[in-house]
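Working notes, structure below.
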Amino acid sequence: DGNELNAITDYMKEETSKPVSEEMFGVAKDKNVIFISLESVQSFVINNTMNGEEVTPFLNDLIDDSYYFENFYHQTAQGKTSDSEFIVENSLYPSPRGAVYFTHAQNDFHSLPEMLGNNGYYTSVFHSNNKSFWNRDVMYDNTGYDHFYDINAFEVTDENSVGWGLKDKEFFKQSLKYMQQMEKPFYSKFITLTNHYPFDLDEEDATIEKYDSNSNTLNQYFQTVRYTDEAVEDFFTNLKETGLYEDSIIILMGDHYGISDFHKKAMSQYLDTEYTDYLHTQLQRVPFYVHIPGEDGEVISKISGQIDVKPTILNLLGIDQSNDLSFGTDLFSEDRKDFIALRDGSFITEDYVYAKDQCYERETGDLIDTTTASDDEGEESVCKPYIDKVEKELGYSDEIIFGDLFRFYDFGDE
Ligand code: GP9
Ligand code: MN
């Protein structure tokens, strides 16, 4: 009801919708935004090798002239890719069960595409799958997208497909003709597909060996990740050739994990370390890049997550968000909330990693304490205050979604 909404919006205004970076405000004003969602790409492959070979040579080099967030976490749950889209565009948490894209696609949201549209942007999504997968057609309409280039926008044949569909290299290549005709400035989201479980690839497309472990999934993963890395490299080349590059900023993000903890043994073999709840949580990091042509960027180590993407994009584009409500904060702001919450209640702070009742030192992975154990001295875990905050915040987000509460809130748009 109204009172509950007030409590939530007060909390968001005070605790989560924090001030943005003035220095970065508008640095990409009126530029096109090319957002690339990298299917199942996790951070552990970035700047890493397999049998002595770089796994992602292009993405590694791209760090040198991008803002690269090395401690950026996905926050998705059962809605997988659709959850990552939902978090990024709404700065709300995904649902604890099911996918918001299916269960609450008709809610009132105050989404990024809608806000960009109000600021003169033409907004679209490129993804070669049926439009109704994840109920995307309904959700995209509701959140203000102008167009969805779904499978029907692409020429898909047996030869240019593998696994889930159109190969990433073809996908980007075929997207260019639409981009060249597009009204500017535009915001276009590209969702890749080839690096999707079970990571099948045609032999002719493999440019790195398979890994050797008891997990065929992990063994193949390196090959499809490398393929996606090459597809993105080609896309950059083509963007430069067509002249689209210079008037654009390019944002790249891993949507969620690709290797589940079903492959613990193979993962600890590859990483040469024991698979603990700490490692599991740290493996939820996905790459996040903000590439602004002409700027050097830097590697940023502070903790960050998908919840922070919407405020970051709005600020880079110089769009005022003082009336918006978000659970995340501009990534370039100095004044940020001090935890990143994962959907299962795990969290990361600058000092701690918490998962399944275990409180760890973030830098070392040393176990500090078990938060459910009774302590003789009655002292509570250093993680405890955060456990409560995370629970409260996830609960507020759920209330907004389950109660469709934003329909009662006036964002002051007109
Ligand atoms: C499907 C693609 C993959 O269209 O986005 O979905 P996922 O299984 O990763 O959620
Ligand atoms: Mn996905």
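If the condition is being assigned to a loop (DSSP other than H, G, I, E, B) and buried (at least 23 other Cβ atoms within 10 Å of the Cβ), then the range 117-142 contributes TYR121, HIS127, SER128. If you go through the range 64-79 and keep only what is open to solvent by 10 Å² or more (accessible area, probe 1.4 Å) and among the hydrophobic types (A, V, I, L, M, F, W, C), you end up with just ALA77. For the range 305-312, state whether one or more residues are part of a helix (DSSP H, G or I), without any contact (Cβ under 8 Å) to a residue 24 or more places away in the chain and among the hydroxyl-bearing types (Ser, Thr, Tyr). Within the range 305-312 (the criterion being part of a helix (DSSP H, G or I), without any contact (Cβ under 8 Å) to a residue 24 or more places away in the chain and among the hydroxyl-bearing types (Ser, Thr, Tyr)), the answer is yes, since at least one residue qualifies.
Screening SER301 with (1) of a type outside the set (Lys, Arg); (2) surrounded by 20 or more Cβ atoms within 10 Å (Cβ to Cβ); (3) more than 16 Å from ligand 1 (Cβ to nearest atom) gives one miss only, at (2). Picking from residues in the range 171-201 that are open to solvent by 50 Å² or more (accessible area, probe 1.4 Å) and away from ligand 2 (no atom under 16 Å from the Cβ), the one that is nearest to LEU314 (Cα to Cα) is LYS184. Within the range 80-116, how many residues are in a loop (DSSP other than H, G, I, E, B), buried (at least 24 other Cβ atoms within 10 Å of the Cβ) and within 16 Å of ligand 1 (Cβ to nearest atom)? Qualifying residue count for the region: 1.
In the set (1) among the aliphatic types (A, V, I, L, M); (2) out of contact with any strand residue (DSSP E or B) (no Cβ under 9 Å at 6 or more places or on another chain); (3) within 16 Å of ligand 2 (Cβ to nearest atom), the condition left unmet by LEU38 is number (2). Answer yes or no as to whether ASP272 is out of contact with any helix residue (DSSP H, G or I) (no Cβ under 9 Å at 6 or more places or on another chain), open to solvent by 10 Å² or more (accessible area, probe 1.4 Å) and acidic (Asp, Glu). Yes; evaluated as a whole, the condition is true for this residue. A single entry from VAL41, VAL20 fulfils the requirement of being assigned to a loop (DSSP other than H, G, I, E, B) and open to solvent by less than 20 Å² (accessible area, probe 1.4 Å): VAL41.
The values are calculated or read from the model by the stated rules, or taken from the named source; none is laboratory data. Nothing here was measured: the structure is a model prediction, and the numbers come from that model. Neighbour counts are summed over all protein chains in view; Cβ atoms, including those assigned to glycine, are modelled from backbone coordinates with ideal geometry. These accessible areas exclude ligands, DNA and RNA; they are computed on the full protein's heavy atoms, side chains included. Shrake-Rupley method; radii C 1.70, N 1.55, O 1.52, S 1.80 Å.
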